[in-house]
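Only the coordinates and a few stated rules stand behind these numbers; no lab work does. Note that the structure is predicted; figures quoted are calculated from it, not measured. For neighbour counting, all protein chains shown are included, and Cβ atoms are generated from backbone atoms with ideal geometry for every residue, glycine included.
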Protein chains: 4
Amino acid sequence: MVTLAEARYGKAQTRIVRVCRDGDRHEFKDLNVSVTLAGDLADTYLTGDNAKVLPTDSQKNTVYAKAAEHGVDQIEDFALLLARHFVDSQQPIHRARVDIEEYRWERVSLAGEPAPHSFARAGRETRLASATYGRGGARVVSGLTGLVLLNTTGSEFRGYPRDRYTTLPEAGDRILATAVDARWRHAAADADTDWADSYAEASRHLVEAFAGTYSRSLQQTLYAMGERVLRHRPEIAEVRLSLPNKHHLPVDLTPFGLSSDEVFVATDRPYGLVEGTVCRGGAEPADGSGPIDGAW
Amino acid sequence: MVTLAEARYGKAQTRIVRVCRDGDRHEFKDLNVSVTLAGDLADTYLTGDNAKVLPTDSQKNTVYAKAAEHGVDQIEDFALLLARHFVDSQQPIHRARVDIEEYRWERVSLAGEPAPHSFARAGRETRLASATYGRGGARVVSGLTGLVLLNTTGSEFRGYPRDRYTTLPEAGDRILATAVDARWRHAAADADTDWADSYAEASRHLVEAFAGTYSRSLQQTLYAMGERVLRHRPEIAEVRLSLPNKHHLPVDLTPFGLSSDEVFVATDRPYGLVEGTVCRGGAEPADGSGPIDGAW
Amino acid sequence: MVTLAEARYGKAQTRIVRVCRDGDRHEFKDLNVSVTLAGDLADTYLTGDNAKVLPTDSQKNTVYAKAAEHGVDQIEDFALLLARHFVDSQQPIHRARVDIEEYRWERVSLAGEPAPHSFARAGRETRLASATYGRGGARVVSGLTGLVLLNTTGSEFRGYPRDRYTTLPEAGDRILATAVDARWRHAAADADTDWADSYAEASRHLVEAFAGTYSRSLQQTLYAMGERVLRHRPEIAEVRLSLPNKHHLPVDLTPFGLSSDEVFVATDRPYGLVEGTVCRGGAEPADGSGPIDGAW
Amino acid sequence: MVTLAEARYGKAQTRIVRVCRDGDRHEFKDLNVSVTLAGDLADTYLTGDNAKVLPTDSQKNTVYAKAAEHGVDQIEDFALLLARHFVDSQQPIHRARVDIEEYRWERVSLAGEPAPHSFARAGRETRLASATYGRGGARVVSGLTGLVLLNTTGSEFRGYPRDRYTTLPEAGDRILATAVDARWRHAAADADTDWADSYAEASRHLVEAFAGTYSRSLQQTLYAMGERVLRHRPEIAEVRLSLPNKHHLPVDLTPFGLSSDEVFVATDRPYGLVEGTVCRGGAEPADGSGPIDGAW
């Protein structure tokens, strides 16, 4: 006998720009919003009866309308608002997850002054928020992706085991570079949390731990990054990191009579990939907030 | 107190081409191999002691060497061979996962005959295999990604609930298009399985279910696809599908006095995303093989 | 004094699917159409006076409407029809260029028969057509991109000069792989040309020349490809090819006591890039048809 | 008779990181270098005789070695140095073009101080330089790509002609957004030019012209951008701009009883594309420096 073990659906990648035209000095938010809903959905899978299937087009409209009605300040709040809306207004929907990417922009200068309504996309990391809301409560995960960091020194890799396939020479002083992909789970989905401050500080701690750790392995750096966020930010219960090792290999210039310690080739693949989750001991998930991995 | 809750690492995206030059008629396999290892790894995270960290460079070399030694026939077998190698040869490694993408190539014709050693990349779907090996046993998941399918008719979407944000008109005859992303778990990781036949047939059933189902929702089509694979292939225990709804919207040509039922705009985003897992009732994971989602 | 030396504008990437629902057996075309217009446009650049600027939104609508009115058979004809429309209907527009990409789809099988209205995207090469129309007449360029070809033998690279930075060993038997990007200019923009046949044959000759040439350099293969098309297809006056050398480097397996002639690493970059234009001697551009490079 | 009308080859996308470890405070340059050579190359195309074909592998090595020997300060100088090297050292090479992309990085802060050797990739625009060197002399083109700019107001589009396919309503106050792709040709390839200052100022003028121009069309904005660079920077002879109109369409929220002037959908395609070249009157190309378009 065949059964439907899991089912969910939604609208992915609604690209919305919410402008705030109050006064002479404009502000705006540039977001990519994805909605996923689950619940009493078996009918449409098994028979094509859509009586419980709120169209994904309506979900998209909801994103636009809620942004217009409530504005968008912190993406964690907007994700929560949307997730709650779908579960509270659609009886068959038992759980909603809303993922938001926020693209950074900077106000440009005009004749030495901040321009009133002109911006350049910053293009550094993308800020992320994810809210899951269901019968068990709410969970909020913040994060970032695409933060590319590099140390020109202060990194080694030695003392590893050698098997018959090992040819790697030990490195006493190497470039360490990665593209940080991080998620951190908040202990509570309180509306009281100062999401902006929490994000700014968590990001800063990730960067400072990367820059300030003498690294014997990228694993050690990863742990230092997660540990530092948890040590300084009591509102965060868990940090999950995925760090590609963006290898920068020294070019062998000895055939040309040149020294090889200042020229590197930046390779694309293959690449090492180090992952880890650091959490607060005893940080048992309360009120619906499971670990990040057991998502969704 | 802060703890390391989860840790893994490996070498991602080793791009290898294995040529078989036996005789006049060459064959080759074009693969992208990613290795992930877990086990007794806390030392390197906590202190930078790398005594248990087999370098990812050695993992890459292992992929090359094993391909040379054993050849590459079916990617499920090659993934299993690699996963077993890492766990069996590295005492601290308790679990290994090997993911392989196989790119399709077709032999070209030359003067009406199959060319002996010339090929064109087929570019349709990418075949996937993933083997996980650990103390609990082995699990093999096959799959495909990037299979773009389209029905020009035989699809409707009606009878859905309408909330205050619903403006979508019902569709009695629409284009249905998706890019199939599918994974299927084998009931056993037997070396006896005819992986090539299993893949060819599972793929064929996915395509035929998509083409042959009158669709009242993409959800219904998804279930039909998974159900059909399970019905015909006893070696498969579970099918997981992720189907973006690649919307093709009719263009309103009435302002130009033209009919609108044959011209469509293919949109990129936002898009609906329908996901589901179909499994054989009572298909309890045996010998280490958990469900696909609880991966890793 | 500052002047406007060159100006053009248009609508890029209108993604249109034109279905033909005649009878039980449907057909469709999947296109990406880009329009570029030039002419008496200085006013809008210099003063913002838009009296001569047909909106790009209207250009998009025109693509849809013309596809509805006339259908789409061969993309060369559709590109010509559109280019002529803009020049003939907009007095300030002196020249129009229309570029079309056509994505390949294959009809799928259903229970051993061709399915009536179900298709899979082929994903191999993309067919291209470009029509330029202006006072000097019309020019039609056909082409393809994304055709990835590979020979497992029949390629060497030797006899090259060595400077102080040369370390490359000579290769007596190497893999040769490329992603063909080709454009060919038709001697005339006749509506009489059988574009479908011309495309099929030109493509076939490119593939056969790649497969059938013993290659001493990718340059030699390039010339053989262009020369063969011109030799067999009198309607084609010029072929322009851009061939990346997708290096497949033998992996050194000697540290593991293994032979190294059957395992290769497929690299992404850097890559060699060989370009060339082959033309029919005396193929002087007539009636507005300049060489491909002097495009625009 | 078939002839080789054009031929060139080289090594594309050599990714090099040049670190400067002088003292405690490190610096580095992150570049992507592409080399293209032309000259007396017909032999290899026609017969496979490689006696005049400097391997692309040697070109790659040259990039690394020259970076080690001379360091890398301004990319215009490094491109010139490389282009000259190939022409001056290889008799059959008559012309060389070197294109360099430079990725921006920012020094990170550590405990409130600039970190000595830690950086984050800035990810905003990519700086470009291209040097062409041949018998006619040298030409240097600088530029940037990927600079995404947006004005939340100060843009309209009205007064355009309406044909039978025009449905666009006039816009009195719209968002204007683009991703600037710019190239500017220097009047001379002098080693005296302060490339860093020239780049910083040209970039600043592009941004300020975008932000400071009340825009009646994107064409008008384009001209204003080019004109302003030429007006302020005598060392620049010509500016070529390609500006996609990244449409931000107001969402119609009237069905939900909401106002529609603060919520926009950011679309990907189709998009308007406006291009233009602005040059200094009488800026006749001297000593080998042709216009950018007649490239290479």
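I need to check one value: relative contact order of segment D:7-135, counting alpha carbon pairs closer than 8 Å and at least 6 residues apart, in percent.
27 percent
List the residue from chain C whose beta-carbon is nearest to the axis that rotates chain C onto chain B, together with that distance in whole Å.
Whole-Å result, nearest residue of chain C to the axis: C:GLY123, 2.
Could you give the nm distance between label points at C:ARG84 and A:ALA122, where each point is 7 Å from its Cα heading toward the beta carbon?
Computed distance between label sites C:ARG84 and A:ALA122 equals 5.4 nm.
Describe numerically, in nm with one decimal, the distance between label points set 7 Å from Cα along Cα→Cβ at D:THR3 and at A:ARG204.
Label-label distance for D:THR3 and A:ARG204, simple model: 6.9 nm.
Spelling out what I want: for every residue of segment A:57-63, take phi, set θ = phi - 60°, compute 6.51 cos²θ - 1.76 cosθ + 1.60 (Karplus), and round to whole Hz; glycine and proline get x.
5, 5, 4, 4, 4, 5, 4
Residue by residue through C:104-110, how many Cβ atoms from other chains fall within 10 Å of the Cβ on average?
Mean partner shielding for this stretch: 4.
Taking chain D as the reference, fit the longest principal axis to its C-alpha atoms, fit the long axis of helix D:75-89 to the helix C-alpha atoms, and give the angle between the two in degrees, 0 to 90, nearest 10.
Once rounded, the angle reads 30 degrees.
First measure r as the distance between the Cβ atoms of A:ASP252 and A:GLU69, then evaluate 1/(1 + (r/R0)^6) with R0 = 60 Å and state the FRET efficiency to the nearest 0.05.
Working: r = 62 Å, r/R0 = 1.03.
After rounding, the FRET efficiency stands at 0.45.
How far apart are the D:GLY136 label points across copies, placing each 7 Å from Cα toward Cβ, in nm, shortest first?
Taking the point 7 Å beyond Cα along Cα→Cβ, the inter-copy spacings are 1.8, 7.0, 7.0 nm.
At what distance in angstrom do the alpha carbon centres of segment A:112-168 and segment A:226-269 lie from each other?
The distance from the Cα centre of segment A:112-168 to that of segment A:226-269 comes to 12 Å.
Given H placed on each backbone N at 1.01 Å, which residues far from C:ALA115 in sequence or on other chains put an amide H within less than 5 Å of it?
C:VAL108, C:SER109, C:LEU110
Can you give me the distance in nm between label points at C:GLU106 and B:GLU113, each placed 7 Å from the Cα along the Cα-to-Cβ direction?
Distance between label points: 2.4 nm.
Put a point 7 Å out from Cα along the line to Cβ at D:ASP88; what are the distances to that point in the other copies, in nm, shortest first?
Here the equivalent label points are 5.8, 6.1, 7.3 nm apart from this one.
Quick one: longest stretch of chain D between exposed loop trypsin sites (Lys or Arg not before Pro), exposed meaning at most 13 other C-beta atoms within 10 Å and loop per DSSP?
Working: sites that count: D:ARG25, D:ARG135, D:ARG158, D:ARG162, D:ARG164.
Longest gap between qualifying sites, sites excluded: D:165-296.
Mind checking which of D:HIS94, D:PHE119, D:ALA67 is farthest towards the positive end of segment D:1-139's charge dipole, using Cβ charges of +1 (Lys, Arg) and -1 (Asp, Glu) about the Cα centre?
Comparing the listed Cα positions along the dipole, D:HIS94 ranks first.
When the Cα centres of segment B:8-27 and segment A:1-50 are compared, how far apart do they sit, in Å?
Measuring centre to centre over Cα atoms gives 40 Å.
Give the shape of the protein assembly as shown as rounded, prolate or oblate, defined through the alpha-carbon gyration tensor: a ≥ b ≥ c are the square roots of its eigenvalues, a/c under 1.5 means rounded, and otherwise the shape is prolate if a/b is larger than b/c and oblate if not. Write down the numbers at each step before the final one.
Values: a/c = 1.19, a/b = 1.09, b/c = 1.09.
Cα axes put the protein assembly as shown in the rounded bin.
Going by a ≥ b ≥ c, the root eigenvalues of the Cα gyration tensor, does chain A fall in the rounded group (a/c under 1.5), the prolate group (a/b larger than b/c) or the oblate group?
Prolate, because a/c is 1.5 or more and a/b exceeds b/c.
Report the gain in length on full extension from A:ASP49 to A:ARG25: 0.36 nm times residue separation, minus Cα-Cα distance, nm rounded to one decimal.
Roughly 3.6 nm would be gained on extension.
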